[in-house]
Every structure is written in C-alpha cells, then in structure tokens.
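The values are calculated or read from the model by the stated rules, or taken from the named source; none is laboratory data. Computed from a prediction, not measured in an experiment: that's the story for all the values here. Methodologically, a virtual Cβ is constructed for each residue, glycine included, from the backbone with ideal geometry; neighbour enumeration extends over all protein chains shown.
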C-alpha cells in the first residue's frame, strides 16, 4: 500500500514538472514572437521582476553539445530509394525571387535569400522565417540564410546528424532580407508562399524541418504553440497531393539566446536522424 502511494506521488510530481516545462516553453515562444515583432519593452510590474529574477537556466548535458561538436558515426548508412531533385526548377525559382516585386517588402529589402544547399538528392528541407539584416550590411551576410552565427550553428547541427551539405536545402518563408526594425506581415508571407511550395515540389525532400514558430504555422496552418508542436512529426500536404513529414523545432537564433533549449532541439535532431537513416 505504501509503495503504491509512493509511486502515485512520484507520477504526480513528474506530471507537475512536465506541466511547468510546457508553460515555460509557451512563454519563451511568445517572447520570441514579440522579439521578432520588435517588441522589446514590458511594464516592470513587481510580479514580472520577481519571476525574471528567479529564473535560472538549466545546465545542458554533455550529450547536447552535439550542437557544437560533430559526433562520429560508425553505423552503415541506410540509403533508401529517393526522388530526384529538380535542380533546374530550383534555379529558375531563385532567379524569379531575385526579381520579385509581389509585395511591399521588395522596396525595403537589402538582399534576397532564395536559399542554399542541395546539389544532389535532398533528404532534408529546412525552413526558417526571414533574414534580419543589420543596418550595416556586411559581406558575411551575402550568402547567409538565417544569419552568420545562425548558419554556423546550423552547420554543426547537420554535422551532428551526419547530413552532408548537398543533402540539405535551407530557405526562409520570406525571401527578402530586411532591416531588423521591419516586421513582415501575413500578406508578405502569402506573397512568398507560392515560391516555397514550388521549392518543396522541386526539391522532393524526404523530410521537412520547420525552424521557429513563423515557419511552422505558415507551413502546417496550426495554431498551437511551437512547444506543443515540436518533438513529433506532422504532415505537409501540397496542392498537388504531395505529402511530406514535417518536424517543427526551434530556430538557431532562438537557441543563441536560449541555450537551455538545445537539449530539446537535440532530441528533435535525433528524431530526424532516426527517420532519415531508419535506425
């Protein structure tokens, strides 16, 4: 009897911990949304100050350092039959993006970001929101998709799950790189979305990974917070009947500011690796 009560108590505590974690992840998602919306100030209520003062970042286990250091793979890779990427169509889409004037962002953009990667059969298609270009444009941004630091982190992520650059295509929902104080709106996402749909069809990837709340909601049309959508596969359904599994996770820019979320992101990356290599 005493043992059952103890087990019941332990289950209750685990449930409470999971509930608190989900709540904190939801709060982080909202704050991230505010951040990319250029909302940086909040009323300094005593309750908020007390909450922020008591928040501590958890220490990331060594295993999550795979986001920083590639892991050697000894297993034999399983190579299933794959659809061939239409590189010609991807190049045509990139050329169209460079000349696009479908929405008001065209007059404000500092660069275009059709995407990068590929070159072979694409196993993974990564999708972010847009490139935020600082006031002083630097050469490091010329080939960036998510940003210089964000792209470096992404490279380490892909190395950790043993994907070569030619097996991955990286792009954004919005193809214009804009200043940090410009907040793209729904109409801008809609104007660019047809490019993304065509890229997905041409790339014919095995899997899609949406990075961040904006990309996840745009592609899946789901309203739940990212913290509840990540960690499991959903299904992208194209207008032509195309269906591709989608795994949402956090954007590298979010991880740079919230390194404690690397553990959850590493779990997502492992799920992608397992699905791709059928481990």
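Of the listed requirements (1) closer than 14 Å to residue 200 by Cα; (2) surrounded by 14 or more Cβ atoms within 10 Å (Cβ to Cβ); (3) out of contact with any strand residue (DSSP E or B) (no Cβ under 9 Å at 6 or more places or on another chain), residue 156 misses just one: (1). Among helices (runs of 4 or more DSSP H) entirely within segment 203-279, having at least 3 residues that are touching a residue at least 24 places away in the same chain (Cβ under 8 Å) and either in contact with a helix residue (DSSP H, G or I) (Cβ under 6 Å, 6 or more places away or on another chain) or crowded, with 21+ Cβ neighbours inside 10 Å (or both) singles out 213-220, 252-257, 262-277. All of 148, 165 fail the test of being free of Cβ contacts under 8 Å to residues at least 12 places away in the same chain and touching a helix residue (DSSP H, G or I) at 6+ places or on another chain (Cβ under 8 Å), apart from 148.
Here residue 140 fulfils each of the conditions (1) at pLDDT 90 or above; (2) surrounded by fewer than 19 Cβ atoms within 10 Å (Cβ to Cβ); (3) in a helix (DSSP H, G or I) apart from (1). When you check residue 196 against the structure, is it touching a residue at least 40 places away in the same chain (Cβ under 8 Å) and within 14 Å of residue 252 (Cβ to Cβ), yes or no? Criteria not met by residue 196.
When the criteria are applied in full, residue 195 meets the requirement of being under 29 Å from residue 108 (Cα atoms), modelled with pLDDT of 95 or more and more than 14 Å from the chain's Cα centre (by Cα).
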